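The values are calculated or read from the model by the stated rules, or taken from the named source; none is laboratory data. Since this is a predicted model, take the numbers as computed values, not measurements. A quick note on method: Cβ atoms are made from the backbone with ideal geometry, for glycine too, and the neighbour counts reach across all protein chains shown.
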Amino acid sequence: MKRREFIINSALAIGGSALLTGCGQKKPVLSENQVAKRQYKDILVPLLGLGCMRLPMNGAEVDMPELEKMVEYCMAHGANYFDTAYMYVNGKSETAMGNVLKHYDRKSLIIADKSPAMHMKSKDDVRRIFDEQLKKCQTDYFDFYMVHNINKNTIDNYRNYDMYNQLMEFKKEGRVKYVGFSFHGTPEMLKEVAPEHPWDFAQLQINYLDWDVVKAKEQYDIVQSHNIPVTVMEPLRGGGLVNLSDKALAKLKEYYPDATPAAFGLRWAASRKNVITVLSGMSNLEQVKQNIQTFIDYKEMDEQENIAAQEVAKVIQSQGEINCTACKYCLEVCPRGINIPAIFSLYNQYKTTGNKMLFSIYYNTLDENERADKCISCNLCNTNCPQSLMIPDLLKKIDAEIKTFS
């Protein structure tokens with residue numbers, strides 16, 4: 001597949017009035033201000049998509065009136081990409097999105113969903129669950145459909161149940177337009193998965209905090225080398241890059257006094273050249289309005305802004321329970337190749353947000369040989385640490401805490 005050049009386009013504003021057609025389809029009032037878009041194959045894709053994992057909630061149920069307002073605002077401003085999944089919101093996301101999106105002309109929507117590799121018990125489950133998802137989303141086809149969450153625990157299901165070729169059958173049937181995969185494994189595993197098939201796209205966790213320390217850049221480079229475009233998940237690291245510490249926020253304001261953390265993080269992710277769209281898990285209308293404004297006013301980051309992102313990341317990495325600046329001097333002497341800066345960065349973020357699930361997901365992207373339990377307490381790292389950290393003791397503490405998660 002030849003590499004595509006993704007050219008940013010502004011959607012043309014079209015005047016109109018809200019009305020219901022005879023078949024019950026809703027036509028939103030279109031704003032003059034439309035989000036920036038990129039050309040992907042034969043469609044224009046908005047640079048901002050609504051990630052449907054963190055929908056507005058009213059107790060244990062989805063807050064449907066708020067969700068309807070969010071979707072209406074997205075549609076009015078050209079942010080018509082909606083990314084859901086089988087297990088999102090305890091299995092309620094697909095149904096909620098189907099109940100809202102059914103009121104719009106299907107051709108005006110871009111719907112992404114995922115085949116849950118972790119739930120497959122047999123080859124027949126792939127088609128059975130796919131049919132169930134179409135019904136829940138109240139649609140005849142998905143624009144983007146992917147093998148969900150390929151990692152060390154799901155890769156056998158993905159291969160043994162021939163998931164790629166089954167998804168390609170759905171594509172031949174006209175019920176899927178583009179076949180891809182989302183990934184939560186190691187770079188070594190990605191080097192196997194990416195060239196296994198002619199994928200249309202890959203969904204990766206990419207943000208400026210993890211770009212170097214947690215090998216997001218390495219994963220991005222791997223799929224780029226195979227000409228696979230990227231949809232971005234967790235651009236704000238589960239909200240961790242929105243609620244910056246005072247010190248990190250001060251560093252951002254030092255470079256850009258008017259920048260908000262959310263806008264800065266989203267723009268950083270969107271500025272990667274191989275990115276189709278950036279998914280943000282928005283939970284209320286105000287978040288939708290703020291993020292859409294970022295992409296109405298969108299401008300790619302320049303080199304100075306990329307440097308600022310690196311500086312903010314360093315501040316974040318140095319805070320929390322472990323004062324690690326990710327200088328990587330410890331890596332120069334560790335005989336086991338443990339990824340100490342990545343472990344400390346993930347642990348600090350976990351302690352800040354309290355999000356065990358996100359910590360576990362990121363931690364499991366590290367190769368098993370790079371994890372905390374492989375430390376042999378040789379203490380060579382201590383001699384190289386500018387912060388005088390007692391690294392083996394900290395690794396043992398983190399490993400002990402990780403074992404309490406299960």
Report the residue count in region 366-406 for those that are surrounded by fewer than 15 Cβ atoms within 10 Å (Cβ to Cβ), touching a Pro at 6+ places or on another chain (Cβ under 9 Å) and among the polar types (S, T, N, Q).
2
Is it the case, given these coordinates, that Lys273 is assigned to a helix (DSSP H, G or I), surrounded by fewer than 22 Cβ atoms within 10 Å (Cβ to Cβ), touching a residue at least 24 places away in the same chain (Cβ under 8 Å) and in contact with a helix residue (DSSP H, G or I) (Cβ under 9 Å, 6 or more places away or on another chain)?
no
Among (1) over 17 Å from Asn284 (Cβ atoms); (2) at pLDDT 95 or above; (3) more than 18 Å from the chain's Cα centre (by Cα), the one test that Lys152 misses
(2)
Does region 291-309 contain any residue that is buried (at least 17 other Cβ atoms within 10 Å of the Cβ), touching a helix residue (DSSP H, G or I) at 6+ places or on another chain (Cβ under 6 Å) and closer than 30 Å to Asp63 by Cα?
yes
Among the residues of region 96-112, count how many are out of contact with any strand residue (DSSP E or B) (no Cβ under 6 Å at 6 or more places or on another chain) and either more than 16 Å from Tyr86 (Cβ to Cβ) or modelled with pLDDT under 95 (or both).
9
Within region 286-301, can one find any residue that is of a type outside the set (Ser, Thr, Tyr) and touching an Asp or Glu at 6+ places or on another chain (Cβ under 8 Å)?
no
Condition first: more than 22 Å from Asn369 (Cα to Cα) and basic (Lys, Arg). Can you find one or more residues in region 146-154 that meet it?
no
The condition of being in a helix (DSSP H, G or I) and within 19 Å of Phe264 (Cβ to Cβ) holds, among Ile343, Ile361, Ile316, only for Ile316
